[in-house]
Amino acid sequence: MRRKLVVGNWKMNGSIAKNKALINQLLARLQNFDAADFALCLPYTYLFQAQQLLTGTNIAWGSQNISQFESGAYTSSISAEMLKDFNCKYAIIGHSERRTISHESNEKAAVRVTRAVNAGITPIYCVGETKLERESGIAKKIVEAQVLAICNLDHTTFERAKNVNMVIAYEPVWAIGTGRAATPDEAQEMHHFIRVLIALRDEEFANRIRIIYGGSLTPNNVCNLLTMPDIDGGLIGRSALTADDFSKICEIACDTTQCLI
Ligand code: PEP
């Protein structure tokens, strides 16, 4: 039985005052939730604040990207080692907004995954097809190429990825921020497909890797999605910005049996 993971992706939102209020609300609501794992991925500028407020709590924190480089003359980049200074547990890598804005390739995303695992940071590696790709019938082909980029990592890196419990987030691009999530069947089919691809490289890891769903996940659809057998949690954008919504999703992640009532 895989333990569920719920991650808030705050994107480019927040301020020192707003973060403090939201984090304190979340800490109060989540304090007795011990049957799932939780994390917030904030803008780099607020990682120090997250570290101050979240150390010793049941909410971990992380970044929304990671540099493909180790160090040096890469203006505006943030390295894995720098993130480690703030005790980041997670780093989102290959988010579709990064893939679109920076034309990030699967190969570059795989290098970022390598940087993360070398630093002991758990990558949340995002995959997912666009609307056009789904409508053209090539959704699985696209996701397969994205997943193979990490399945083809060298032995040492793949072992490190296993050791830090690398996470995959299936985020259909057409569902992100649109209010239209994938149906549970659509999501389950892709999650299962991803697990089968991982099994080709490592069956043991395929059984335990957490594959989380992202794309307009809300308190209204969380029951339907999180009760599917291969959906191990959620990567949440908009619903992570209010304590009510995010804590409701976390509550369900802790106990999906309440969905049956
Ligand atoms: C995301 O961008 O990772 C995401 C899942 O966003 P939303 O929940 O707003 O669709």
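The values are calculated or read from the model by the stated rules, or taken from the named source; none is laboratory data. Everything numeric here is computed off the predicted structure, so don't read it as measured data. Counting neighbours? That spans all protein chains shown, and the Cβs are built from the backbone with ideal geometry, glycine included. Accessible surface areas use protein heavy atoms only, side chains included; no ligands, DNA or RNA. Shrake-Rupley method; radii C 1.70, N 1.55, O 1.52, S 1.80 Å.
General observations
- Loop-resident sites, segment 5-42, for chymotrypsin sites (Phe, Trp or Tyr not before Pro), counting at most 12 other Cβ within 10 Å (DSSP): none
- Annotation: cysteines of the chain without a disulfide-compatible partner (Cβ-Cβ under 4.7 angstrom) are Cys41, Cys88, Cys126, Cys151, Cys250, Cys254.
- Ranking of Arg195, Arg238 by solvent-accessible surface, largest first: Arg238, Arg195 (1.4 Å probe, protein heavy atoms only, all chains present).
- With all protein chains modelled, accessible area of Asp85 [1.4 Å, Å²]: 120 Å²
- Förster-model FRET efficiency, 41 Å R0, His155 and Asn220, C-beta, rounded to 0.05: 0.40
- Sum of side-chain charges, Met1 neighbourhood, beta-carbon under 11 Å (Lys, Arg +1; Asp, Glu -1): +3
- Per-residue Karplus couplings for segment 67-84, computed as 6.51 cos²θ - 1.76 cosθ + 1.60 with θ equal to phi - 60°, are listed in order as 5, 7, 9, 7, 5, x, 7, 10, 3, 6, 7, 10, 8, 4, 5, 5, 5, 5 Hz, Gly and Pro entered as x.
- Helical contribution to [θ] at 222 nm, DSSP H n ≥ 4, -39,500 (n - 2.57), averaged over the chain, rounded to 500: -13000 deg cm²/dmol
- Pairs of Lys in the chain closer than 19 Å at Cα, counting only those 8 or more apart or on different chains: 10
- Working note: Karplus 6.51/-1.76/1.60 with θ = phi - 60° gives segment 175-181 the couplings 9, 6, x, 9, x, 10, 6 Hz, where Gly and Pro are set to x.
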